[in-house]
Amino acid sequence: MIAQILLTLVLVALLVYARSQYQTAPAIALLALIIAAAGLYFVWLPSHATALAAWAGIGRGVDLIIYSWAAFSLIALLNLHLKIRAQMELITALARAMALATAREAEISAKTGDRPPPQTA
């Protein structure tokens, strides 16, 4: 009973968080809502998880939940990796553009004899 209560608290917190993030990432929030709702269902009705696992050809309901969790975690990890990679490419492009702009300004200043603008951090 203690495990059910603790898992329920964690899953309810996930539901609240997913609902708060719906505006920024609707697909991820919806997936989190579905997973948390299914988790709550199976926490309070574990015999249904066992029946579903038997239908899927898996021995125990907890094994089905662990396999599903591993699959969802790998999907989330891949999603995060792709987003971080895209951000790194954007940062590289921005740094390259800033370096080229600074070099052009320095070249123009050298040709006209103007003083270069002060560098700010």
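Laboratory data are not the source of any read-out in this text; all were calculated from the coordinates shown. These figures come from a predicted structure and were not determined experimentally. For neighbour counting, all protein chains shown are included, and Cβ atoms are generated from backbone atoms with ideal geometry for every residue, glycine included.
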Hey, what number do you get for the chain at 222 nm if only DSSP H runs of n ≥ 4 count, each worth -39500 (n - 2.57), divided across all residues, to the nearest 500? -29500 deg cm²/dmol
Relative to the first principal axis of the alpha-carbon coordinates of the chain, what is the inclination of helix 2-20, with its axis defined by its Cα atoms, in degrees from 0 to 90 and to the nearest 10? 40
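Take each of the peptides 26-36, 90-100, average the number of other beta-carbon atoms within 10 Å over its residues, and list them starting from the highest.
Highest-to-lowest ranking by the protection proxy: 26-36, 90-100.
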On Cα atoms only, tilt of 46-56 relative to the major axis of the chain in degrees: 80
In degrees between 0 and 90, to the nearest 10, how far off the longest principal axis of the chain does helix 26-44 point, with axes built from Cα atoms? 20
Point-to-point label distance, Ile5-Leu82, nm (Cα→Cβ direction, 7 Å offset): 4.2
